[in-house]
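Worksheet: the structure to be examined is printed underneath.
The values are calculated or read from the model by the stated rules, or taken from the named source; none is laboratory data. Remember, it's a predicted structure, so these values are computed and weren't measured experimentally. Heads up, the Cβs are rebuilt from the backbone with ideal geometry, glycines too, and the neighbour counts pull from every protein chain shown.
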Amino acid sequence: MHIESLGVNCFRNISSLQVEFATDVNILAGDNGSGKTNLLEAIHVLCLGRSQRGAGDQVLLKHDSEVYRLQGRLAGDAESFEVTTAYQRGGRKKLTIDGLPAKLSELYNCAGVVSSGPEDSAILAGSPSQRRAFLDIYISQLTVSYLADLSDYQRAVAQKNAALKAERDATPFDPILIELGSRIMMQRSLFIAGLAEIAGRYYEKLAGGERLQIQYRPSVGFDREDPDLASIAAVMEARLYDMQGREEAMQAAVVGPHRDDIYFAVADLPVRSHGSQGQWRSVAIALKLAVYQLFRERRGEAPILLLDEVFAELDPNRSAALIDAFGEFGQLFLTTALMPPERLKKQGRSYWVEAGMLVKDR
């Protein structure tokens, strides 16, 4: 998968921009605040309908503008698509594929994107909800049913919470929570099992041999070495029964995948409390490179890779190791406030970004 062309109108600090990209390395260089990250964000919103930085659509609108519009040609191994994402202030976002209205799930099936940037530190140091968001955005691109299950599950949790707050019997919601929740936890367990092995290899390369550990920590205990839906459902049902009194006291659902977490450790020490900035950044990059490889294996084609200021907190050795890894990838977009290494410039096309415009193609 790659982007052939991109049109941006009234998005962040970008008034109007039209560009054709190289199919391999695209380097977006420029001063801080020039709009490099905004351009990556436009690609992410075009392909997945949401910002990698978690920004709402109102924030994405250019100042004093009422509508933003993104349009691009995405090409896969067998076919290409014309995709548009548009939003009007106070309204709803509209997605189209080849001119026809599309659902978010359809967009996920057409485009694959993996993004790594400074915001990834929240995966390691932020709240469990941010780690769950990391799981959800990527599993949704890999498993067709996951996004629908997640949406239905979140709706059922909200309804159960409303019943608990109203001091009504909330147990009728439990069967649907068990059915959907066990499927969600099964997918998360399988995803992290594959991710941990690949990310560990990448981290060793970036960190000169340090060992990375990644563990899925579901809110209900089940056999993560050999998970199956029936056993997960049985454990969740028993846990819901045990916690019924506590849920009624707290007036909130406390059992299920909405309480899951992920544990990260480097050299047997928790990254969240013991990791340096360089380790956080290296772990985050290793995670996203591993996701990229899972995409290639499970979807049969390479996703688009967005790397925002990945060299900012890496020492020279880790930076060199990362450059070596670029040869393994298809189309990638890399932002930098410095002139990129000559090795990278030779692999693709470089652009100079200034005040939301591409003013040079180097």
Please go through region 199-212 and pick out each residue that is buried (at least 19 other Cβ atoms within 10 Å of the Cβ) and not hydroxyl-bearing (S, T, Y).
-> A199, L206, A207, L212
Breaking point among (1) among the aliphatic types (A, V, I, L, M); (2) modelled with pLDDT under 90; (3) farther than 26 Å from L48 by Cβ, for V220 | (2)
Within region 143-156, can you find the residues that are closer than 15 Å to M185 by Cα, part of a helix (DSSP H, G or I) and not small (G, A, S)?
-> Y146, L147, D149, L150, D152, Y153, Q154
Residues being within 28 Å of E354 (Cβ to Cβ), touching a residue at least 60 places away in the same chain (Cβ under 8 Å) and out of contact with any strand residue (DSSP E or B) (no Cβ under 8 Å at 6 or more places or on another chain): count how many of those fall in region 281-313.
-> 2
Looking at (1) at pLDDT below 95; (2) under 24 Å from S151 (Cα atoms); (3) aliphatic (A, V, I, L, M); (4) crowded, with 20+ Cβ neighbours inside 10 Å, which is the one condition that is false for L229?
-> (4)
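Matching residues to (1) modelled with pLDDT of 95 or more; (2) more than 19 Å from L142 (Cβ to Cβ); (3) not in a strand (DSSP E or B):
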{"position": "R53", "(1), (2), (3)": "no, yes, yes"}
{"position": "S65", "(1), (2), (3)": "no, yes, yes"}
{"position": "Y68", "(1), (2), (3)": "yes, yes, no"}
{"position": "G72", "(1), (2), (3)": "yes, yes, no"}
{"position": "D77", "(1), (2), (3)": "no, no, yes"}
{"position": "F81", "(1), (2), (3)": "no, no, no"}
{"position": "G90", "(1), (2), (3)": "no, yes, yes"}
{"position": "S105", "(1), (2), (3)": "no, no, yes"}
{"position": "N109", "(1), (2), (3)": "no, no, yes"}
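Table: residues versus (1) within 29 Å of P316 (Cα to Cα); (2) touching a Ser or Thr at 6+ places or on another chain (Cβ under 9 Å); (3) not in a helix (DSSP H, G or I).
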site: R168; (1), (2), (3): no, no, yes
site: R183; (1), (2), (3): no, yes, no
site: M186; (1), (2), (3): no, no, no
site: E210; (1), (2), (3): yes, yes, yes
site: Y216; (1), (2), (3): no, yes, yes
site: D223; (1), (2), (3): no, yes, yes
site: A230; (1), (2), (3): no, yes, no
site: E248; (1), (2), (3): no, no, no
site: A253; (1), (2), (3): no, no, yes
Complete set of residues in region 1-18 that are farther than 24 Å from N109 by Cα and in contact (Cβ under 8 Å) with a residue 60 or more places away in the chain | N9, R12, N13, I14, S15, L17
Using the structure shown, decide if I123 is part of a helix (DSSP H, G or I) and modelled with pLDDT of 95 or more.
-> no
Might you check whether a residue that is closer than 15 Å to G117 by Cα, assigned by TED's automatic domain parsing to the domain that holds G7 and among the basic types (K, R) occurs anywhere in region 33-45?
-> yes
How many residues, within region 73-107, are more than 22 Å from R296 (Cα to Cα) and touching a residue at least 40 places away in the same chain (Cβ under 8 Å)?
-> 3
Any idea which residue in region 123-142 is nearest to I304 (Cα to Cα), counting only those that are surrounded by fewer than 18 Cβ atoms within 10 Å (Cβ to Cβ) and hydrophobic (A, V, I, L, M, F, W, C)?
-> A133
Quick one: which residue in Q187, Q215 is loosely packed, with under 14 Cβ neighbours inside 10 Å and not acidic (D, E)?
-> Q215
Provide a single number: the residues in region 58-72 that are of a type outside the set (G, A, S) and buried (at least 20 other Cβ atoms within 10 Å of the Cβ).
-> 3
Please list, ordered by first then second residue, the pairs with beta carbon atoms under 6 Å, 6 or more apart or interchain, first in region 48-64 and under 19 Å from S129 (Cβ atoms), second part of a helix (DSSP H, G or I).
-> S51/E41; S51/V45; Q52/H44; R53/E119
